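Comments concern the structure below.
Please treat every number below as a calculation from the coordinates, not as lab data. Predicted model, so just to flag it, every value in this text is computed and none were measured. All Cβ positions, glycine included, derive from the backbone under ideal geometry; neighbour counts span all protein chains shown.
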Amino acid sequence: MPDTRTIRPYLEGLVAAAAKAAVAAGDLPDVAIPGAAIERPKDPANGDFASTLPLRLARAAMRPPLDIARAIVHHLPADPAIEPPAVAPPGFINFRLSQAFLQDQVEHIIAAGPAYADLQLGAGRSAQVEFVSANPTGPLHVGNGRGAAIGDALANALAAAGYRVEREYYINDAGTQTDNFAETLYARYQQLFGRDVPLPEDGYPGAYMVELAEEVRARHGDAFLRPPGEPMPPELGQLGIELMVGRIRKTLESFGVRYDRWYSEKSLYEPGGAYEQAMAILRDAGMLVERDGALWFASSELGEDKDNVVVRSDGRPTYYASDIAYHWDKFLRRGFDLVIDVWGADHHGHVSRLKTATKAVGADPEALQILLYQLVTLKRGGEVVRLSKRSGEIITLDELVEEVGADAARFFFLLRSPGAQMDFDLDLAVKQSSENPVYYVQYAHARLCSILERAREQGLTPDGGNVRLLTAPHELALIREMMQLADVIENVATRFEPQHLPHYAQDLATAFHAFNDAFKQQNDPSLKVITEDAELSRARLRLVLAARIALARVLGLMGMSAPERM
RNA sequence: GCCCCCGUAGCUCAGAGGACAGAGCAGACGCCUUCUAAGCGUUUGGCCGCAGGUUCGAAUCCUGCCGGGGGCGCCA
């Protein structure tokens with residue numbers, strides 16, 4: 001018997017075989033049979049699955065689609081997983097899953113447990129998700145939170161889909177911004193010792209730089225102080241970056257994100273490292289040209305609008321050089337089969353040239369997926385909260401987490417498709433009411449747990465429950481909803497659309513609430529999970545257990561907690 | 001000027017070339033002697049920005065236009 005994950009290809013197989021049988025029997029003209037095209041009807045009245053094959057065959061077969069549908073159905077064998085299929089205009093074949101099949105899914109889910117809806121799409125291939133990767137020159141802000149939520153959920157979904165996943169944070173610890181950061185830190189540090197020195201022009205005016213300088217002084221006293229006018233000690237910049245990265249790491253941990261690796265940009269430039277190797281490849285291919293004293297990557301020859309500088313005329317490499325070396329490292333040295341970069345939309349101009357460079361160093365540009373997410377606008381009391389990085393007045397991710405909690409923040413970040421600009425309503429996120437979908441979903445999980453707990457108090461457990469007793473409409477509807485999780489994971493992992501997770505979580509919670517409150521609506525106590533009938537109770541407890549597994553799974557994929565009581 | 005994203009209900013937004021376009025919130029009307037009312041039920045609300053095209057079939061794909069946002073540095 002097929003299960004949740006395999007039912008769709010199973011039906012495709014049935015339909016394709018029936019179509020071929022119809023051709024063999026002379027009921028259909030001899031035409032090529034494309035994929036059986038099984039989809040889910042929007043309206044449940046049309047069944048659980050539908051094939052549009054007759055519509056697709058109509059032209060080639062030169063027959064009305066309805067006739068084709070009838071011919072195919074005529075050759076479909078009876079199958080225990082489905083009820084007899086129905087033909088519907090203009091040419092659909094509609095399938096309804098059998099009650100027994102639905103009931104069996106409860107056992108399937110319980111047996112799978114926390115691994116429920118795991119897929120084999122990745123087939124053990126490796127995937128790397130690199131996300132946030134904000135410059136360690138300041139605290140993470142709210143926009144970084146969106147990237148964190150998206151990247152982490154995507155990584156979770158890819159892991160569920162059968163990839164070996166690594167999460168990575170790329171630390172920009174080389175380059176101009178780092179120098180500005182170090183100069184600012186040294187200025188603040190000197191100020192602590194009473195020197196009247198100005199901040200550098202392109203420095204970082206935020207108050208956190210003062211804190212950082214104080215931290216350095218508390219730990220190391222005046223060890224980094226140099227006579228006035230002398231250059232700063234380079235170790236101070238290094239230390240500052242380390243302290244800042246430590247803070248970022250802590251912020252992300254409080255957001256529920258843990259990385260497998262923190263990758264240093266600086267390490268690209270070690271002797272014999274990624275930078276040298278990647279540049280050697282480009283040089284050997286004749287793709288590097290010198291002009292105006294700088295070294296350019298001749299990307300225009302590969303279809304880009306223009307060439308781009310990789311080494312400035314003063315000899316320092318650009319971020320683009322770093323990116324090329326970094327992606328050479330990802331693909332050619334570490335050998336990831338799939339690389340996903342999650343970037344803010346303000347970086348969109350780099351997508352094309354990075355893909356071009358990736359191809360030039362010998363990687364498959366198709367294996368590089370760059371997911372762009374649009375800006376976040378904060379709203380409070382219906383008013384837009386203005387952000388200004390220049391003045392240092394930003395709302396940090398720490399502040400957001402403190403105000404609304406990591407769960408709510410992640411849920412709202414995931415709710416919108418990455419490509420859509422989003423408003424983040426601070427008032428709504430923190431509201432503990434029916435207006436807030438975060439609590440709606442978590443509340444469903446808490447009630448599932450509480451039902452199991454109540455039953456246990458009365459000596460009832462799901463053990464030994466017979467799922468064949470699950471026949472009520474709301475019970476079967478809940479099972480149908482639980483079955484969708486595999487599709488959702490596939491969608492997220494193949495299309496890189498994490499917004500399906502929170503939407504599905506809401507649908508699943510709704511199905512549970514409808515099931516759970518059916519007895520009130522119909523004023524029938526026998527519809528409760530825990531009833532006079534112990535056998536029926538045990539069967540429903542199995543359904544509750546399965547629902548808890550499914551809901552906990554989707555909450556986990558979103559990086560949210562699954563509270564047992566609220 | 002060129003490039004990217006968005007335009008769907010009053011608001012915030014889902015929508016996988018298929019059937020009558022959905023959800024939440026807001027609005028209206030019901031349901032607490034309850035396995036947690038952070039819940040449930042009923043209901044109001046749509047030229048899917050506009051105009052063409054492709055297709056048996058378009059909110060979805062293509063072209064053009066309009067509107068909103070972002071980007072086009074030897075910054076990252």
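Rounded if a/c is under 1.5, else prolate if a/b beats b/c, else oblate: with a ≥ b ≥ c from the C-alpha gyration tensor eigenvalues square-rooted, which is segment A:412-566? It is prolate, given that a/c is not under 1.5 and a/b is the larger ratio. Each Lys or Arg adds one and each Asp or Glu takes one away; over the other residues whose Cβ falls under 13 Å from the Cβ of A:ASP314, this sums to 0. Over all other residues within a Cβ to Cβ distance under 12 Å of A:ARG548, the charged ones net out to +1, with Lys and Arg as +1 and Asp and Glu as -1.
When shorter helices are ignored and each DSSP H run of at least 4 residues is given -39500 (n - 2.57), the per-residue value for chain A at 222 nm works out to -15000 deg cm²/dmol. Starting from the Cα of A:ARG195, step 7 Å toward the Cβ, then list every residue of segment A:206-228 with an amide N under 18 Å from that point. Answer for this model: A:209-228. Computed packing ranks the peptides A:261-270, A:551-560, A:325-334, A:349-358 as A:551-560, A:325-334, A:349-358, A:261-270, most packed first, by mean other Cβ atoms within 10 Å. Lysine pairs in chain A whose alpha-carbon atoms fall under 25 angstrom of each other, counting only those eight or more residues apart or on distinct chains, come to 12.
Taking a Cβ cut-off of under 10 Å around A:LEU192, the surrounding Lys, Arg, Asp and Glu residues balance to a net charge of +1, with basic ones at +1 and acidic ones at -1. The stretch between A:GLU242 and A:GLN522, if pulled fully straight at 0.36 nm per residue, gains 94.6 nm over its current Cα-Cα span.
With the simple model of a label 7 Å out from the Cα in the direction of the Cβ, A:GLU453 to A:ASP427 spans 3.3 nm. Annotation: peptides A:445-455, A:224-234, A:105-115, ranked by per-residue average of other Cβ atoms within 10 Å with the highest first, follow the order A:445-455, A:105-115, A:224-234. Once you have a ≥ b ≥ c as the square roots of the Cα gyration tensor eigenvalues for segment A:1-156, tell me rounded if a/c is under 1.5, and otherwise prolate or oblate according to whether a/b is larger than b/c. Verdict is prolate for segment A:1-156. Amide hydrogen proximity for A:PHE424: with H placed 1.01 Å from N in the peptide plane, the residues at 5 or more positions away or on another chain lying under 5 Å are A:THR377, A:LEU378, A:LYS379. Shown here: segment A:104-208, whose C-alpha atoms stretch 76, 24, 20 Å along the first, second and third principal axes, sorted largest to smallest. Just check chain A against the gyration tensor rule for me: Cα atoms, a ≥ b ≥ c as the square roots of the eigenvalues, rounded for a/c under 1.5, and otherwise prolate or oblate depending on whether a/b exceeds b/c. Here chain A falls in the oblate category. Gain on full extension, evaluated as 0.36 nm per residue between A:ASP364 and A:ALA17 minus their Cα-Cα distance, stands at 121.3 nm. Taking θ as phi - 60° and the Karplus parameters 6.51, -1.76 and 1.60, the scalar couplings of segment A:96-107 work out to 10, 5, 6, 4, 5, 4, 4, 4, 4, 5, 4, 5 Hz in sequence order, x denoting glycine and proline. Cβ-Cβ distance of A:ALA86 and A:ALA24, R₀ of 25 Å, FRET efficiency by 1/(1 + (r/R0)^6): the value works out to about 0.60. Computed extension gain for A:SER561 through A:ARG334, at 0.36 nm per residue and net of the alpha carbon distance, reaches 78.4 nm. Helix A:406-415 and the longest principal axis of the Cα set of chain A meet at an angle near 70°. The angle between the Cα long axis of helix A:319-328 and the longest principal axis of the Cα atoms of chain A comes to about 50 degrees, rounded to the nearest 10. Antiparallel DSSP bridges in chain A: what percent, to the nearest 5? Within chain A, antiparallel bridges account for around 50 percent of the total.
Here's the picture: a label point sits 7 Å out from the Cα of A:VAL31 along the beta-carbon direction, and within segment A:66-107 the residues with their amide nitrogen under 11 Å of it are A:66-69.
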